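Notes follow the structure.
The values are calculated or read from the model by the stated rules, or taken from the named source; none is laboratory data. The shown structure was predicted, so the numbers you read here are calculated from the model rather than taken from an experiment. Virtual Cβ from ideal backbone geometry, glycine too; neighbours counted across all protein chains shown. Surface accessibility is based on the protein's heavy atoms, side chains included, excluding ligands, DNA and RNA. Shrake-Rupley method; radii C 1.70, N 1.55, O 1.52, S 1.80 Å.
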Amino acid sequence: MEETIMIQTQDFQLTHVDFFIRMLVAVGIGFLLGLEREHSSQIKKEEIFAGVRTFVFVVIFGFLSAFLGVYFSIWIGVLGFLATLILVAISYWVTSNKGEIGSTTEFATLIAFLLGCCSFLGFVEASLTVTVMVLVVLSIKTPLKNIIGQITQVEMFALIKFVVLALLIFPFLPDETFGYYDVFNPRELGWVILLTSGVGFIGHLMIKFLGDRRGILFTGIAGGLVSSTVVTWVFSKKSKQSPDLSKDCSVAILVASTLMVIRVFVWISIFNPALLPQLIIPMLSILVAGFGVSVYYHKINREHSGLGKALSPGEPLDLKSAFFFGLLYTVILFVVSYANGQFGTMGIFISSAIASLTDIDAITISVAKLAQASMDLSTAQNAILLAMLCNTLVKIGISVWAGSKQLRGYVLRGYGLIFLAGLIGFLVLNFLP
């Protein structure tokens, strides 16, 4: 049966079914916002001018203002918002005269009106997304105050430097290649520096607010989704600053390297799934070894958690190390390009080995794409696996060079097992039918 159309204009169409669905969404949004505000006021034993019913009415008012604005004149919607604004302003004036200068509920009321308008206009997904964000911000007032109260001046200055680097410098770096072999890209170098310093900064905050062990573990997991080499660099340096955290840093490093295998699997699945059948066993062996070692070290840490002590998380933003790592990354790019130009087909394997000195995402994607055109599957599979093995050796080298004495022992044992599993996988790939 054909749906009845309520409104039909050049740019907008609304059926009866759409009207009721969007109305229900709007009412649900108002109910959730009002429930949070009323619950918060009861906990703090405060009076607020808008609870569950008021927020529902405000959202419905916004919904109907948009409805009449589309049907008759846009000025009806504008007047509806002004009426809500005046009501909120009066409420704020009354409460501020009582000495209560908070304006959170007032702003939430204005947002509720606009969400009602958006729901009517059909932006249902966007309205629900904004509602979730508003609810999160409203509900974290107490923990947010506690966190802000613990931030030091040094950490605040570090945050400002990172924001300047991320928002005022990085976006304006040219995304072009220069120099010999046409490989130097300022934007790419900036991304490496930003990523390295960002992982270190996030790790600092997680260690401070979640505790030594949990903070390091979660940072290793998050960082491993991006770059296990960066995580190895950051936490090797951290272990030298705080040797008592060496075992925890080794867990983060090994977890990140385990996630590296998952990243490689995802890239191959996206760019060339035909490579996967023969790579499953080698990759699975590395994954199992990495996961097993990580769980074993983490279990030992939990059993001896009472022996640790609260330690300083160290320097919040280590830009010097980040710039050094970025410079190292750039040098490696030149070496990879030189190998490609000088050694022909063998240059693929040489490039894979050298490129793994930074990380293997780029070489994995490049080889997977080349295997679709100018490279046979066997060569591509060996190149990817070789990159994983060499990257493991690189991270062993980083840990031994930049880490504490204790970290070296943990990482050598853990990475040694991972490398052995990868080596067995390489032999299976090449010598078993």
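Here are a few things to note about the model shown:
- Of the cross-linked pairs K238/K299; K299/K405; K240/K405; K237/K395, those separated by over 19 Å at the C-alpha level are K238/K299; K299/K405.
- Local net charge near A402, Cβ-Cβ under 9 Å (Lys/Arg +1, Asp/Glu -1): +2
- In Å², nearest 10: area of H39 left accessible to a 1.4 Å probe: 110 Å²
- Each of the peptides 76-87, 59-70, 160-171 was scored by the mean count of other Cβ atoms within 10 Å over its residues; in descending order, highest first, they stand as 59-70, 76-87, 160-171.
- When the residues R53, R22 are ordered by accessible surface, computed with a 1.4 Å probe over the protein chains alone, the sequence from largest down reads R53, R22.
- Probe 1.4 Å - accessible area at D376, Å² to nearest ten: 80 Å²
- Peptides 234-245, 409-420 ordered by packing proxy, namely the average of other Cβ atoms within 10 Å per residue, highest first: 234-245, 409-420.
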